[in-house]
Amino acid sequence: MALLEVNDLVMYYRTRKGTVKAVDHVSFEIEKGETLAIVGESGCGKSSLSRAIIRLLPRNVEVYEGKVFLNGTNIMELSEEQFRKEIRWRKISMVFQGALNALNPVLKVGEQVAEPLIIHMGMDKKEAIREAREMIKQVGIAEAFVDRYPFELSGGMRQRIVIAMALITDPDLVILDEPTSALDVITQANVMNLLKRLKKERDLTYIFITHDIALASELADKMATMYAGQVIELADSESYFGKPLHPYTQKLLGSVPTLREDKEITSIPGTPPNLLNPPVGCRFRPRCDQAMEICEEEPPMFSLDGEHRVKCWLYRGEE
Amino acid sequence: MLLKVENLSKFFPMKKGIFGKTYYVRAVENVTFEIDKGESISLVGESGSGKTTLGKTILRLYDPTGGKIEFDGKDITHIPEKELKWYRKETGLVQQNPFGSMVPHFTIYKILEEPLIVNKIGTREERREIVYNILREVQLSPEEFAFKYPHMLSGGQLQRVAIARAIIMNPKLVIADEPVSMLDASVRVEILNLFEEIQEKHNMSIIYITHDLSTTRYFSDKIFIMYAGHLVERAPTKELLRNPTHPYTKALLEAIPDPDPSNRFKFREVPPGEPPSLVNPPKGCRFKPRCPLATDKCDEEPPEVEISPGHFVKCWYAQ
Amino acid sequence: MSVVSEELSLKGVVKELLSYKSAILGLIILAGLIVLSIYAILFTPFAESGALWNDQQVWLKYPRTAAPEWTNIFSGKKLPKNVYVNMSKPVNISKEGTRIKRTYISEFSFNYDDTPSEVIFFFNASYEKLRPKISILWIRPDGENLSLGEYKIRKGGTSIYLSNNLRLISDLQETIEERLGKKVNKSLTLEDILFRDFRTGDVMKGTYTVRLDVLVKNETDRVEWQGIVYGKVYGLAGTDDKRRPLHLGLLWGAPIALAFGLVASLSITFIQLIISAISGYYGGKVDSVIQRLTEIYMILPFLPMLVLVQLLYGMNLWRLLLLLIVLSIFGTSVKTYRVWVMQLKSYPYVEAAKAYGASNMRIIFLYILPRLIPPTIPSLVLAVPGYVFLEAALAFLGLSDVNIVTWGRIVEEAFSEGALYKGYYHWVLMPSLMLVITAISFALIGIALDRIVNPKLKEM
């Protein structure tokens, strides 16, 4: 049984200018110990998707439906109270981007890591701090820093603290939303090393959200491309990188500059669509150089070899 | 040589308390290099490395604390601002944030016209001609864009305007400070290509400042690597990528991910820790605390050694 | 902070403003005030208004402390307006001794529920040698004739005040008591005698006749006359104790109030913006000096300084405006604007401008200041009534210009004449009402503007 099964998840929210269809019928599964990386440009809805899973909804949410099975239980059916008590930060936790904003500047670092234990698991403060110390060491920060304030830590260290906070309650699933975006490349490599180590040691299941497709390959067992609120390709990493199917994925991979080989980089003409009024039919059609007439109708998700899924008419008939 | 920089330093004073002595942030220290006419170089470093400070000091947006800057044979290190008007015409700046670099209440036309007005170039009709031409050169149709306001343009379009503004007076040197970091991956390529075209067409020297080494291959002749205020390695592009010599450069190259699914099974060998504070940097080589090759000798600032023609490394152990 | 986000265009703001009903009300009132001001300037002798207001002779034909005419609705009684007894051709010219006697008979109807406030006869005479003699006979609708006396008039203008002629009144009272056959216990006023029914005490409605005999020596001697039976109500706003019609005073006060408030608010805000821009942009010593000045200003005694100037130099409106501006420009708003300037200064477009050689002045005035204007507009608008009230308050304290008519001055005059004690409520209420309406109008507009401009301040 998959650890997480998302079925037709929808999340729209209302703005002055109309309804933003941030998450539009997204489906995927993740096994225990697997990492799914969701890749897309800014505005594609990947952050909204992560928040939809952990039910941190915007105030002006309009539609929120679908099924999300965590270990077989549909957590969408739980009430707010139940979700808060049992799921959020107990079974599913999140590492936010921009660690500086995720940490409370007036609380000591150790206290912040201990907080989830106190709040979500009712642990007593002394014990929580003890566990927090352990966790902080685990993420590679000297114990001395437990009594320091966030501003006294460097960017990389703060990110490690945020990771510690996400892991302290031993959740089943950790959502990482651009966890290294503010870090320099060497520190990023260090933090990725940490995430790799923790994944191995604790058999963690990650959803890794990023705009950097190369970075995604550092953790991902499974890859998903997100475009205009929809998942348009889903495959295991080897198939995804080896033989990307969707024209957008191909172009994305093509636009990554590489150091190690001589490759001509391509760009994708046009701009990503507005989630207020996505194009009818295939949403990538306006920018796709392989568009056909049938693309005016929204393609279903085709499943090749039962594993590699792609939402593109080019693969009709290959199932 | 168009630009000669010798032992250039820039420190920023930081007062500590009413009675405390003044501390200095030693943002750039002892940097030496030359750039020829028509050469483009990438100045690479993480945030806090001093690369932006170096760029702005070269443009005399900051006053140098020490050392010498020579442009086109003239020593411009300490010339007062009012005598630098000619220099403003010979140089151009493209900034990182496309949205913040344009005056919001000016039309695109006015934004581009300003440098001409300020430098008393052309009559009203002539300026119109120049502005329209430059818009075409950056592939923005004047009819469509000249009278729009910045908030109506996308990030990519605004950066084109920024480039247009930087080159409108046909400068000899353009400094582009992280011009694509805030743009979507698919748009970056277009902008980098635009830089390449312009550089070829006008034979301009470009200093392209970035933290992302992987974008440098595409149009720079040379790569300069900065770490914690020091210029630690500089070499022609192919040579640097083939033979990275400074331990920091090697770490940088190792740390950059490429899209390869096997990455998730490997740990990257990168030095731990983070760049030092520039208020109290380590004596001598600033990479010493993290360097696998460090010895006591490194407490003394290493000289620049030319290990092969045009390839300079600031390290005692360079070979 | 985005001092003003991109979407704040003037058109956009105006459009959004009109979506607030409160703002529309405010704008309507303001439009009304502007119309009144324009009317005052174009269609009344506005330039001389101060001189006219101070000149008592101008207003002689208006009733004294008359209430506004519409108060009749509330009192239920029909209070009298001015009635004019006009000279027409003489009905008879005869000789009386050596003199020529011209007899005039004029009638007027009086149908009000209350007696008039005064009765005055005005004469304008030109003659050779001997002064003309006038005798007045009052004939009431009930047929009673009352002689109002004989008078000798001089060259030029003469007015005969009957209402405070105590001798005449007591004589007339005696006459009435004789005719009635009984004594009247109260002391009567002239108007009671001339207009009330002796038996019922009610005011007699009907036609009144005045017979005026003019005795002149020469044929060429001319005497023109008019009698005025003064009302107790007048016009939209009534009159004050110097007979000045208040609606005129209010009309004349409107452009001054608006101009004063607007000019004060605009100049102070504008100068403060420039000072803050220089302070925030240049920093360093200049900034320190300006900040210290701002702090000193906070303790400057505003009122005593005005009193001092008034004592030493006298005060006129311009001087007051100037003083007000000088004493406000380093106010605390400078601190707020300075912070905005410092934030704007750090924007990349300022740096870009330096890179292409723009001068600091250009950056301050063309790039930075325009962004500061939208967020200051609400406070600018809201400050206007404050300055209007300030002028009124200063006028009330006698510290404003005595040669112009302002609403505050009218209130001051009302108070110093004890208007409230004497029951002349309109004299205080009408100018106060104008002040309040003006304040409400600007407040409504300013608050709506604030709501529009401020949420966008976050995107500055």
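Quick note: the coordinates plus some simple rules give every number you see, no bench work behind them. This one's a predicted model, so the numbers in the text were calculated from it and none came from an experiment. Cβ sites come from the backbone with ideal geometry, for glycine too, and all protein chains shown count toward neighbours.
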Between the Cα axis of helix C:333-345 and the main Cα principal axis of chain C, the angle (0 to 90°, nearest 10) is 30 degrees
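Within the range A:213-277, which GluC sites (Glu not before Pro) sit in a loop by DSSP and count at most 15 neighbouring Cβ atoms inside 10 Å? Mind showing how you got there, number by number?
Working: sites: A:GLU218, A:GLU233, A:GLU238, A:GLU261, A:GLU264; in loops: A:GLU218, A:GLU261, A:GLU264.
Taking the range A:213-277 and a limit of 15 other Cβ atoms within 10 Å, the loop GluC sites (Glu not before Pro) found are A:GLU261, A:GLU264.
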Quick calc: nm separation of the 7 Å Cα→Cβ label points for C:ILE24 and C:LYS129 -> 7.9 nm
If the chain between A:THR266 and A:SER181 were fully extended at 0.36 nm per residue, the gain over the current Cα-Cα distance would be 28.3 nm
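With a/c under 1.5 counting as rounded, go ahead and sort the range A:15-85 into rounded, prolate or oblate using the C-alpha gyration tensor (a ≥ b ≥ c being the square roots of the eigenvalues; past the cut-off, prolate if a/b is larger than b/c, else oblate).
Details: a/c = 2.20, a/b = 1.20, b/c = 1.83.
It comes out oblate by the Cα gyration axes.
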GNM of chain B, Cα pairs under 10 angstrom: of B:HIS151, B:HIS230, B:HIS211, the biggest fluctuation goes to B:HIS151
Once phi for every residue in the range A:233-249 is put through the Karplus expression 6.51 cos²θ - 1.76 cosθ + 1.60 (θ = phi - 60°), the whole-Hz ³J(HN,Hα) values, with Gly and Pro written as x, are 8, 8, 7, 6, 4, 4, 5, 5, 7, x, 9, x, 9, 5, x, 5, 4
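Could you grab the relative contact order for chain A? Cα pairs under 8 Å, six or more apart, rounded to a whole percent.
Relative contact order for chain A comes out at 20 percent.
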Fewest-first ordering of C:LEU251, C:LEU27, B:LEU140 by Cβ atoms within 10 Å yields C:LEU27, B:LEU140, C:LEU251
With the dipole of chain C defined by +1 on each Lys or Arg Cβ and -1 on each Asp or Glu Cβ, the option from C:SER187, C:TYR20, C:GLY149 whose Cα lies farthest towards the positive pole is C:GLY149
Taking the alpha-carbon centre of each part, the distance from the range C:51-67 to the range A:161-200 in Å is 88 Å
For the range C:74-230 the mean separation of alpha carbon contacts under 8 Å (6+ apart) over residue count, i.e. relative contact order in percent, is 41 percent
Whole-Å distance linking the alpha carbon centroid of the range C:318-389 with that of the range A:51-105 is 46 Å
Counting only DSSP beta bridges fully inside chain B, the antiparallel percentage to nearest 5 is 60 percent
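So what is the relative contact order for chain C, in percent, with contacts set as C-alpha pairs under 8 Å and at least six apart?
Worked out over chain C, it gives 26 percent.
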Quick calc: nm separation of the 7 Å Cα→Cβ label points for C:LYS217 and A:LEU56 -> 11.1 nm
Label model pair C:THR200, A:ASP8: point-to-point distance (7 angstrom along the Cα→beta-carbon line) in nm is 9.3 nm
Partner shielding of B:247-259, taken as the mean number of other chain Cβ atoms within 10 Å, equals 6
Rounded to the nearest 10 degrees, the helix A:155-167 long axis (Cα) sits at an angle to the longest Cα principal axis of chain A of 90 degrees
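Assuming a ≥ b ≥ c are the square roots of the Cα gyration tensor eigenvalues, decide whether the range C:389-444 counts as rounded (a/c under 1.5), prolate (otherwise, with a/b larger than b/c) or oblate. Could the numbers behind the result be given before it?
On the way: a/c = 2.50, a/b = 1.22, b/c = 2.05.
Because a/c hits 1.5 or more and a/b fails to exceed b/c, the range C:389-444 counts as oblate.
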Per-residue ellipticity at 222 nm attributable to helices in chain B (runs of n ≥ 4 DSSP H, -39500 (n - 2.57) apiece, nearest 500 deg cm²/dmol) works out to -8000 deg cm²/dmol
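Taking the alpha carbon gyration tensor of the protein assembly as shown, what are the square roots of 5 times its eigenvalues, largest first, to the nearest whole Å? Numbers along the way, then the final one.
Working: eigenvalues 1532, 260, 154 Å².
Listed largest to smallest, the semi-axes of the protein assembly as shown are 88, 36, 28 Å.
Return the FRET efficiency for the residue pair C:LEU300, B:TRP86: r is the Cβ-Cβ distance, R0 is 60 Å, and the value is rounded to the nearest 0.05. Mind showing how you got there, number by number?
Numbers: r = 48 Å, r/R0 = 0.80.
Calculated value: 0.80.
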To the nearest 20 debye, the range A:92-132 has a Cα-centred charge dipole, built from +1 on Lys and Arg Cβ and -1 on Asp and Glu Cβ, of 80 debye
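With a sphere of radius 14 Å drawn around the Cβ of B:PHE312, what net charge do the other residues whose Cβ falls strictly inside it have (Lys, Arg +1; Asp, Glu -1)? Let's see the in-between values first.
Numbers: positive: B:LYS222, B:ARG234, B:LYS314; negative: B:GLU6, B:GLU34, B:GLU233, B:GLU239, B:GLU304, B:GLU306.
Net of charged neighbours comes to -3.
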When B:LYS56, C:LYS183, C:LYS101, A:LYS46 are ranked with the fewest other C-beta atoms within 10 Å first, the list becomes C:LYS183, C:LYS101, B:LYS56, A:LYS46
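Just the number, please: percent antiparallel of the DSSP beta bridges in the protein assembly as shown, rounded to the nearest 5. Don't skip to the end; give the middle numbers.
Details: 110 of 148 bridges.
DSSP beta bridges in the protein assembly as shown are roughly 75 percent antiparallel.
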The exposure ranking of B:GLU113, A:GLU296, fewest beta-carbon neighbours within 10 Å first, is A:GLU296, B:GLU113
A student applying the Cα gyration tensor rule (rounded when a/c is under 1.5; otherwise prolate if a/b is larger than b/c, oblate if not) would label the range B:181-271 oblate
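Calculate the dipole size of the range C:74-230 relative to its Cα centre from +1 charges on Lys and Arg beta carbons and -1 charges on Asp and Glu beta carbons; express the result in debye to the nearest 20. Show your work: numbers first, answer last.
Numbers: 26 positive and 21 negative charges, 99 e Å.
Once rounded to the nearest 20, the dipole reads 480 debye.
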Note to self: C-alpha centroids of the range A:1-41 and the range C:109-147 sit apart, in Å, by 100 Å
Sorting C:LEU435, C:ALA51, B:TYR24 by the position of each Cα along the dipole of the protein assembly as shown (Lys, Arg +1; Asp, Glu -1; all at Cβ), the one nearest the positive end of that ordering is C:ALA51
If every Lys and Arg gets +1 and every Asp and Glu gets -1 at its Cβ, then about the Cα centre the protein assembly as shown yields a dipole, in debye to the nearest 20, of 4560 debye
Given the candidates C:GLN291, C:VAL350, C:ALA264, the one whose Cα lies deepest towards the positive end of the charge dipole of the protein assembly as shown, counting +1 at each Lys or Arg C-beta and -1 at each Asp or Glu C-beta, is C:ALA264
Scoring only Lys, Arg, Asp and Glu (+1, +1, -1, -1) among other residues with Cβ under 13 Å from the Cβ of C:GLY249 yields 0
GNM on chain A, Cα springs under 10 Å; top mean-square fluctuation among A:TYR13, A:TYR206, A:TYR227 goes to A:TYR13
Across A:208-220, the residue-averaged tally of Cβ atoms belonging to other chains within 10 Å stands at 4
Long-range amide H partners of A:SER255, meaning residues 5 or more apart or on another chain whose placed amide H is closer than 5 Å, are A:THR266
